[in-house]
Amino acid sequence: MEEYTREQIQRADDTDLYVFLSGRGEQFKRCGKEYRWLRHDSVMINKNEWYRFSQNKGGHAIDFMKEFYGLSFAEAVKELLGEEGVGETNRRTAKEDAGRQKVCPIPLPGLELPERNESCEIARKYLIEQRKLSEWLIDQMIEKGDIYESKNYHNVVFVGRDKEQNPRYAAMRGTDENRYRGEAKGSEKAYGFGHIGTDEKLFVFESPIDLLSYITAVPEDWRKHSYISLGGLSEKAMKRMYTEYPHIHSIYLCLDNDEPGNGRCRQFVSLIPEELSVYRLEPVKKDWNECLVAEVPVENMAKQMCWRDAREKPVPVMKMSEVEETVVQWLWYPFIPFGKVTLIQGNPGKGKTWLAMAIAAYCTNGKELPNALPIEPFNVLYQTAEDGIADTIKPRLAKCGADMTRVRFINEEEKQLSMTDDRIEKAIRQNNVRLMIMDPIQAYLGANVDMNRANEIRPLFRHLSTIAERTGCAIVLIGHLNKSSGSQSDYRSLGSIDIAAAVRSILFVEKVEKEKEQDIRVVYQQKDSLAKKENPVAFSLGEEGLKWLGEYDISIEDLLMGKAGTKKETKLEKAQKLILELLTKRKVMCLEELEAELLAYGISSRTGRDARKQLENRLSYDWCQGRKTVALITE
């Protein structure tokens, strides 16, 4: 036993505990002149004194080491002094010192390590003779203090440590016939028994004995590799290893070859970060010690599988479960969605620009748009490269009733705009724009882009679609048709077919040439990726500008050939007519009853409200027995 002088003992007892413990990584909170120990928040420290309020006890530095670290008086003095004592310690010979078993470093508070037996012979014999583990390996582990024999039951104790080599975990295995398995009280699963190497490989096992069995069978460069035992099937120790030791890049899963072990290995792959490679080493028998005891040749001991090679750059993928579902918002259902690209196309002079003007008027001033809901006005960007702003665009917008303060355009005097121009997204965001019109497509492709080449068109439309999705802005492109040979029905989209493939909606505008009574233009939806196709709608052009005529019954073939169709009664018109008929017969109706009647005829509540708004000068409202009623105004 070490001997210490009174002067050494007093010096140890006068140790400033805050300074001493802070150097060991302990953390404190200052409370006036004292410090509260965060590991035990009822313990206060002031220089070399301490007091534990929860137990009404205290003392000086030596008592502290005995109380919280479980040390003897001599061990406490030695730790506080950081040096050897005098007497027997100084008189030990080099041979005696080399043969003396090293003392395990001080366990952190909470871990109750089994008391150490003076000899390790029973544990050593069990591991080497029964488990067939390498003698040199076991002796090294015993010398290091990572393996020892417990005093009371002669169990093998496998110690797991943190980066500062403080014990944080202990697994125990019986050496008798009962083969007891357990863990020391206070053990932390994250600090399993293992070894830290210098290279990138980490081998993961269920138990310390399997870990040692593998090293015994494959001892080459074992010191360079890292090894960890999980103490079962918990991932905590493995996760701590690759988190705390960034040099680890390859994980070798060496769990047992049984249903729990194989299943847990598959689960681990999803837990391990994608930047790490994952391999499975599957023993041919249930576990590695069985292979060792059965003397299975090393080359036949396991099957290796590469489950993920992180050296290959991973393909970026997303899980569909991580995608948040969204509902398509509509500017004009089902023709123009927000956050998407729409194409309006047709022959020259058939009304494409007028249609764009009417849409702009609806967005900026709430002007009529067939079957469209009332909206709060918003700003519009209108880019044109064909018509004059002052002499054509502005007068037409005025005739359609647009709010000129809300219609804006990007100035192209210094630099011509293209679909890849970063000014588009900036202008949309800076001006709170929800609709952008670009007329015509050809003017905004860019000087060196051939619109007939798919490989040049696709990136442009992908970029434009991304802007629409990021900003929620509806982007409307106006394009001309290209005529091959043959009749009118041979018209098709100008440029690559990828243009039509890239947009979500295509509206075709054409004049009904054989209509004798009035100038009728028809909007026909050729492509509808996001909603059910509705009936075409018609409008006429006159001195006062554009006038909506409602739904129009015509096929695309007849429209392309100039044949006349039939103007259909719109749902709004049908709703107005039905309201008048019902109120003429019944005089007064509850509003709820009226809406139910309309619904029975296939008219939605929204259309019913719009119809009543159109008839507001002919309807009156009142209350009867707490219910709102509606009736016709009688002259």
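The values are calculated or read from the model by the stated rules, or taken from the named source; none is laboratory data. Keep in mind the model is a prediction, meaning the values are calculated, not measured. As a convention, Cβ positions derive from the backbone with ideal geometry for all residues, glycine included, and neighbour counts pool all protein chains shown. What goes into the accessible areas is simple: the full protein's heavy atoms, side chains included, and nothing from ligands, DNA or RNA. Shrake-Rupley method; radii C 1.70, N 1.55, O 1.52, S 1.80 Å.
Structure notes:
- Reachable aspartates and glutamates, given that their alpha-carbon falls under 14 Å from the alpha-carbon of Lys47 and they are not under 8 places away in the same chain: Asp13, Asp14, Asp16, Glu34, Asp63
- Pair-distance distribution of the chain: all C-alpha pairs, bin width 10 Å, starting at 0; shares per bin in whole percent are 3, 12, 15, 12, 9, 8, 9, 12, 11, 7, 3, 1, 0.
- Candidate lysines for bridging to Lys286, where Cα separation is under 19 Å - those fewer than 8 sequence places away on the same chain excluded: Lys132, Lys303
- All Cα pairs of region 337-481, percent lying beyond 22 Å: 36 percent
- Shown is the FRET efficiency for Ile633 and Gln442, computed with R0 = 41 Å from the Cβ-Cβ distance and rounded to the nearest 0.05: 0.15.
- Over region 166-314, relative contact order from alpha-carbon pairs under 8 Å, at least 6 apart, %: 20 percent
- In terms of Cα atoms, the Rg and Dmax of region 364-427 work out to 13.6, 41 Å.
- For the set Tyr214, Tyr180, the ranking by accessible area, highest first and with no ligand, DNA or RNA atoms included, is Tyr180, Tyr214 under a 1.4 Å probe.
- Its Cα gyration tensor gives region 520-635 an equivalent ellipsoid; the semi-axes, largest first and in whole Å, are 35, 17, 11.
- Pairs exceeding a 28 Å alpha-carbon distance, out of Lys426/Lys613; Lys29/Lys144; Lys125/Lys185; Lys189/Lys319; Lys426/Lys547: Lys426/Lys613; Lys29/Lys144; Lys189/Lys319; Lys426/Lys547.
- The chain, relative contact order [Cα under 8 Å, separation at least 6], %: 7 percent
- Using the Cβ-Cβ distance between Val284 and Glu164 with R0 = 35 Å, the FRET efficiency computed as 1/(1 + (r/R0)^6) comes to roughly 0.35.
- Simple spin-label estimate for Thr405 and Thr243 in nanometres, 7 Å along Cα-Cβ: 5.7 nm
- Only the Cβ atoms of Lys and Arg (+1) and of Asp and Glu (-1) were treated as charged; on that basis the dipole of the chain about its Cα centre amounts to roughly 2080 debye.
- In plain terms, the chain from Leu271 to Glu259 could stretch by 2.4 nm, reckoned as 0.36 nm per residue minus the Cα-Cα distance.
- Label point distance in nm, Gln430-Val218, each placed 7 Å from Cα along Cα→Cβ: 6.2 nm
- With a Förster radius of 22 Å applied to the C-beta separation of Asn56 and Lys185, the computed FRET efficiency comes to 0.35.
- For region 275-384, the alpha-carbon radius of gyration amounts to 2.42 times the rule-of-thumb value 2.2 N^0.38 Å expected for a compact globular protein.
- Normalised contact order of region 358-478, rounded percent, pairs of Cα under 8 Å and 6 or more residues apart: 28 percent
- In order along region 6-14, phi translates into HN-Hα couplings of 4, 5, 5, 4, 5, 5, 5, 6, 8 Hz, rounded to whole numbers, per the Karplus curve 6.51 cos²θ - 1.76 cosθ + 1.60 with θ = phi - 60° and x for Gly and Pro.
- Carbon plus sulfur fraction of accessible area for the chain, probe 1.4 Å, in percent: 47 percent
- For Trp330, distant residues with modelled amide H under 5 Å away: Phe338
- Rg of the Cα atoms in region 171-303, relative to 2.2 N^0.38 Å, amounts to 1.01.
- The label point for Glu112 and the one for Ala74, both projected 7 Å from the Cα toward the Cβ, are 2.6 nm apart.
- Most tightly packed first, judged by the mean number of other beta-carbon atoms within 10 Å of their residues, the peptides 46-59, 141-154 read 141-154, 46-59.
- Where a label projected 7 Å from the Cα of Glu235 along Cα→Cβ would reach, residues of region 243-264 with amide N under 11 Å: 264
- Stokes-Einstein D (µm²/s) once Rh is taken as the Kirkwood radius of region 593-635 over alpha-carbon pairs, at 25 °C in 0.890 mPa s: 218 µm²/s
- Karplus (6.51, -1.76, 1.60) ³J(HN,Hα), θ = phi - 60°, over region 206-222, in Hz, Gly and Pro reported as x: 6, 10, x, 5, 5, 4, 5, 5, 5, 5, 4, 6, 10, x, 4, 6, 5
- Peptide ranges 69-76, 254-261 listed from the most packed, as the mean C-beta count within 10 angstrom indicates: 254-261, 69-76
- Amide H to amide H distances under 5 Å link Ser505 with Leu343, where only residues 5 or more positions off or on other chains count and H is placed in the peptide plane.
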